[in-house]
Amino acid sequence: MMKMRTLEITVGAFMIAGILSLLMLALQVSGLNNFFREEPGYHIQAEFTNIGSLKVRAKVSLGGVMVGRVVKIGLEPKTFNAKVWMTIDPKRVEQLPVDSRASILTAGLLGDNYISLTPGFSENDFLKEGDLIPIDSTDSAVIMEQLVSKFLARQASSNNKPAH
């Protein structure tokens, strides 16, 4: 009887350890392991006319390398443009030139949106904590539905032209 009880407790402990291990692995793979901690680094902002399906915690990359995350998304009250706050990891990018560009891209054909930074050419001025990448230095998200509707409208208008 006592051996059976010890065996049940041991199996239960291993089951709990296995479930906790899988949970930790899932958090690590999903990138949510820092969910309750603030991302380290300096904060910059960018203004876009359309952010598509960009989400908080989306990656920010430079040359294909992840250098930060989106920490907040809001609406600019005067211009009604989307404003995105990003945290840039100073271990990966110490300084970004002030004339850098920000673009919203899609990972793959149906993947998540992310921000891609392209460094500018300024050698003296760099983005500092809280600085803004203005709307004329950003490229908004490409919305697949808009592309398809423009293509179909163009096809329809070319089919309605009389033949010469």
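The values are calculated or read from the model by the stated rules, or taken from the named source; none is laboratory data. Note that the coordinates shown come from a computational prediction; the quantities given were computed from them, not determined experimentally. Neighbour counts are summed over all protein chains in view; Cβ atoms, including those assigned to glycine, are modelled from backbone coordinates with ideal geometry. Heavy atoms of the whole protein, side chains included, go into the accessibility calculation; ligands, DNA and RNA do not. Shrake-Rupley method; radii C 1.70, N 1.55, O 1.52, S 1.80 Å.
What the table shows:
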| item | result |
| --- | --- |
| Charge dipole (debye, nearest 20) of the chain; +1 at Cβ of Lys and Arg, -1 at Cβ of Asp and Glu | 720 debye |
| Exposure ranking of F151, F14 by accessible area [1.4 Å probe, largest first] | F14, F151 |
| Computed label-point distance, nm, for sites K150 and M66 using a 7 Å Cα→Cβ extension | 3.1 nm |
| Projected-area mean, the chain, by convex hull of Cα positions, square nanometres | 18.2 nm² |
| Under-5 Å amide H pairs with V67, H placed in peptide plane, nonlocal only | V60, S61, L62 |
| Separation in nanometres of the label points that stand 7 Å from Cα toward Cβ, at S122 and V29 | 4.2 nm |
| Per residue accessible area in Å² of the chain, where ligands, DNA and RNA are left out and the probe is 1.4 Å | 72 Å² |
| Cut-off under 5 Å, modelled amide H: who pairs with N81 long-range | E76 |
| Cα-projected label distance for K91 with I73, points at 7 Å along beta-carbon direction, nm | 2.7 nm |
| Phi-based couplings in Hz for region 47-59 (Karplus 6.51, -1.76, 1.60; Gly and Pro marked x) | 10, 10, 6, 8, 9, x, 10, 4, 10, 4, 6, 5, 7 |
| Listed residues M66, M144, M15, most fluctuating in the chain (Gaussian network, C-alpha, under 10 Å) | M15 |
| Residue of P77, P134, P119 that the Gaussian network model of the chain assigns the largest fluctuation, springs spanning Cα pairs under 10 Å | P77 |
